[in-house]
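Only the coordinates and a few stated rules stand behind these numbers; no lab work does. Everything numeric in this text was worked out from a predicted model, so none of it was measured. Heads up, the Cβs are rebuilt from the backbone with ideal geometry, glycines too, and the neighbour counts pull from every protein chain shown.
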Amino acid sequence: QVYLVESGGDLVQPGGSLRLSCKVSGVKFSLYDMDWHRQAPGNQRELVATIFSSGQTNYTDSVRGRFTISRDNVWRTTYLQMNSLKPEDTAVYYCHIRARGSDFWGRGTQVTVVS
């Protein structure tokens, strides 16, 4: 079975930083692309950032230049470094992997940005 466990969410003031982590088990992590998504209350879940197995990255426009996705294939973990946080970044953040023809999600970690 494939498991993803997120951590690192917190309450932070605007302009602050957080680093989210997502530990993956049950697959050969280095072979797969990893995503971070987020969902704010009343909104659809949106893709935030992707890191491909090659190490290339992609970001949605609203976070480009502020967020950095990375991965550690030894520890089977993907990270999302979030800087210059804004209130509109408030959401539950989920990591995702598509493996063996199926989508797997973590349970999410809450990020709240408020003065």
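Numbers below:
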| quantity | calculated |
| --- | --- |
| Highest-first arrangement of 8-19, 78-89, where packing means the average Cβ count within 10 Å | 78-89, 8-19 |
| The chain: relative contact order as a whole-number percent, Cα under 8 Å and 6+ apart | 37 percent |
| For THR90, distant residues with modelled amide H under 5 Å away | VAL113 |
| Fluctuation leader among TYR94, TYR32, TYR59 - the chain, Gaussian network, Cα springs under 10 angstrom | TYR32 |
| Amide hydrogen neighbours beyond the local backbone of PHE67, cut-off 5 Å, H modeled | ASN83 |
| Lys, Arg +1 and Asp, Glu -1 on Cβ, resulting dipole of the range 1-82 about Cα centre, debye, nearest 20 | 120 debye |
| Cβ-based charge dipole, the range 1-76, positive-most Cα from ASN43, LEU18, GLN1 | GLN1 |
| Amide N of the range 17-37 lying under 18 Å from the label point, which is placed 7 angstrom from the Cα of GLU46 along Cα→Cβ | 35-37 |
| Note, ³J(HN,Hα) from phi for the range 23-37, Karplus 6.51, -1.76, 1.60, rounded to Hz, x at Gly and Pro | 8, 10, 9, x, 9, 7, 3, 5, 7, 10, 6, 10, 10, 10, 10 |
